[in-house]
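The values are calculated or read from the model by the stated rules, or taken from the named source; none is laboratory data. The structure displayed is predicted, hence computed values, not measured ones. Note that we place each Cβ from the backbone using ideal geometry, even for glycine, and neighbour counts take in every protein chain shown. Keep in mind that these areas ignore ligands, DNA and RNA; they rest on the heavy atoms of the full protein, side chains included. Shrake-Rupley method; radii C 1.70, N 1.55, O 1.52, S 1.80 Å.
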Amino acid sequence: MFDTLSDRLTSVLKNLRGKGRLSDADIDATCREIRIALLEADVALPVVRAFIAQIKERAKGAEVSQALNPAQQVVKIVDEELVGILGGETRRLNLAKNPPSVILLAGLQGAGKTTLAGKLAKWLRGQGHTPLLVACDLQRPNAVTQLQVVGERAGVPVFAPEPGNGVGDPVEVARQSIAEAERSQYDIVLVDTAGRLGVDEELMRQASNIRDAVTPDEILFVLDAMVGQDAVNTAEAFRDGVGFTGVVLTKLDGDARGGAALSVRHVTGQPILFASNGEKLEDFDVFHPDRMASRILG
Ligand code: GDP
């Protein structure tokens, strides 16, 4: 994952080793190299600019430390700034004081939403919750069945419209699922919504209508990391059209560069909560900005 970026950054920082004192020219040269590495990793330009400006400012005015040599200080600054653009602290899931909590999953078709619904459901079960999956993707012919398969694997029940009984109205299904959760004491309702291949108004309207019907505690935008910084445009469209409170990155296992992961927090202002890195239900974890930064810096 992010091998090229990782290699580039470690080799740039290695060049500083052994220097007794860093001149402004040394720092400028290092920042130029970091900038190229980030652009090649497909990180969005505004993010690169902000990142480099911070490194420069902090490295030039570097706190004199007894414990660290100049090169180590720069590594520390780069590490801290990486943690910063990845979101800083680990952000925990927001749950309602009075269950059921409602989590809405939104994103483009193929982003990995349905798979993620199963992963999250399984993970929540492991945390002692009793989740209910809700099939509100009624556009794609196989979506309900796919969620049922995923639910079965996760050991989590799926609320889906009865054939012939109000089929076709995802807002009504979402509303009914809350009543079902209250009745049967599920404490978290996970709503899978329809995705399109591209952002469109109908998709946004439907997701907004579901949102208004169920007032979610979290709206998670599911983002395919392999799309690179293009993902950022989709994320902005969802932010403006539906709004979301957090991001889930999927397909990190296939993302060699890291552009989406490093851009999305800064561009959308919303934190990354979870990361998916494979097709199996276990390939999923809470996203920790500090651990990700450490992996990047090797
Ligand atoms: P949806 O249309 O957003 O519901 O997307 P799906 O959940 O159907 O996923 C689309 C494809 O991506 C499927 O083939 C999944 O197996 C695959 N997929 C989902 N998450 C991941 C992941 O983290 N890594 C990899 N490699 N594939 C994934």
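Just need a number here: residues in the stretch 174-199 that are within 16 Å of A135 (Cα to Cα), assigned to a helix (DSSP H, G or I) and basic (K, R). Reasoning before the result, please.
Going through the stretch 174-199, the residues within 16 Å of A135 (Cα to Cα) turn out to be 174-181, 186, 188-196.
Still in the running and assigned to a helix (DSSP H, G or I): 174-181.
From what is left, the residues that are basic (K, R) are 175.
Qualifying residue count, the stretch 174-199: 1.
For the structure I just gave you, tell me whether E89 is surrounded by fewer than 17 Cβ atoms within 10 Å (Cβ to Cβ), of a type in the set (D, E) and either in contact with a Phe, Trp or Tyr (Cβ under 8 Å, 6 or more places away or on another chain) or under 30 Å from E218 (Cβ atoms) (or both). Full working, then the answer.
Values: surrounded by fewer than 17 Cβ atoms within 10 Å (Cβ to Cβ): yes; of a type in the set (D, E): yes; either in contact with a Phe, Trp or Tyr (Cβ under 8 Å, 6 or more places away or on another chain) or under 30 Å from E218 (Cβ atoms) (or both): yes.
Yes; evaluated as a whole, the condition is true for this residue.
Just checking, does the stretch 259-274 include any residue being of a type outside the set (A, V, I, L, M, F, W, C), within 16 Å of the ligand (Cβ to nearest atom) and on the phi > 0 side of the Ramachandran plot? If you could, list the steps in order and put the result at the bottom.
The first filter runs over the stretch 259-274 and keeps only residues of a type outside the set (A, V, I, L, M, F, W, C), leaving 259, 263, 265-266, 268-271.
Checking the rest, the ones that are also within 16 Å of the ligand (Cβ to nearest atom) come to none.
No, the stretch 259-274 contains no residue that is of a type outside the set (A, V, I, L, M, F, W, C), within 16 Å of the ligand (Cβ to nearest atom) and on the phi > 0 side of the Ramachandran plot.
From L124, L120, L116, L138, grab the single residue that is more than 21 Å from A225 (Cβ to Cβ), out of contact with any helix residue (DSSP H, G or I) (no Cβ under 7 Å at 6 or more places or on another chain) and not in a strand (DSSP E or B). Step through it out loud before you land on a result.
Numbers: L120 fails: more than 21 Å from A225 (Cβ to Cβ); L116 fails: more than 21 Å from A225 (Cβ to Cβ); L138 fails: out of contact with any helix residue (DSSP H, G or I) (no Cβ under 7 Å at 6 or more places or on another chain).
On inspection, the qualifying residue turns out to be L124.
Please go through the stretch 93-131 and give me each residue that is closer than 14 Å to L273 by Cβ, open to solvent by 40 Å² or more (accessible area, probe 1.4 Å) and more than 15 Å from the ligand (Cβ to nearest atom), ordered by number.
Selection gives N94, L95, Q127.
Just a yes or no: is a residue in the stretch 209-218 within 10 Å of the chain's Cα centre (by Cα) and at pLDDT 95 or above?
Of the residues in the stretch 209-218, the ones within 10 Å of the chain's Cα centre (by Cα) are none.
So far as the stretch 209-218 goes, no, none of its residues is within 10 Å of the chain's Cα centre (by Cα) and at pLDDT 95 or above.
Taking the stated definitions as given, is A160 in contact with an Asp or Glu (Cβ under 9 Å, 6 or more places away or on another chain) and either buried (at least 21 other Cβ atoms within 10 Å of the Cβ) or closer than 18 Å to G118 by Cβ (or both)? Explain how you work it out, then say what you get.
Values: in contact with an Asp or Glu (Cβ under 9 Å, 6 or more places away or on another chain): no; either buried (at least 21 other Cβ atoms within 10 Å of the Cβ) or closer than 18 Å to G118 by Cβ (or both): yes.
Judged against the criteria, A160 is not a match.
Considering T245, T250, which residue is in contact (Cβ under 8 Å) with a residue 12 or more places away in the chain, polar (S, T, N, Q) and within 15 Å of the ligand (Cβ to nearest atom)? Break it down into steps so the answer makes sense when it comes.
Numbers: T245 fails: within 15 Å of the ligand (Cβ to nearest atom).
Being in contact (Cβ under 8 Å) with a residue 12 or more places away in the chain, polar (S, T, N, Q) and within 15 Å of the ligand (Cβ to nearest atom) holds for just one of T245, T250, which is T250.
Which residues, taken from the stretch 1-25, are open to solvent by less than 40 Å² (accessible area, probe 1.4 Å) and not small (G, A, S)?
Once the filter is applied, which keeps residues that are open to solvent by less than 40 Å² (accessible area, probe 1.4 Å) and not small (G, A, S), the stretch 1-25 yields F2, L5, L9, V12, L13, L16, L22.
Mind listing whichever residues of the stretch 132-152 are exposed (fewer than 15 other Cβ atoms within 10 Å of the Cβ) and charged (D, E, K, R)?
R140, E152
So, restricting to strands (runs of 3 or more DSSP E) that lie completely within the stretch 201-298, which ones have at least 1 residues that are crowded, with 24+ Cβ neighbours inside 10 Å and of a type outside the set (S, T, Y)?
218-224, 246-250, 272-276
Right, D187: within 28 Å of I272 (Cβ to Cβ), in contact (Cβ under 8 Å) with a residue 40 or more places away in the chain and open to solvent by 10 Å² or more (accessible area, probe 1.4 Å) or not? So that I can check it myself, show each step before the final result.
Details: within 28 Å of I272 (Cβ to Cβ): yes; in contact (Cβ under 8 Å) with a residue 40 or more places away in the chain: yes; open to solvent by 10 Å² or more (accessible area, probe 1.4 Å): yes.
Considered against the rule, which asks whether it is within 28 Å of I272 (Cβ to Cβ), in contact (Cβ under 8 Å) with a residue 40 or more places away in the chain and open to solvent by 10 Å² or more (accessible area, probe 1.4 Å), D187 comes out as yes.
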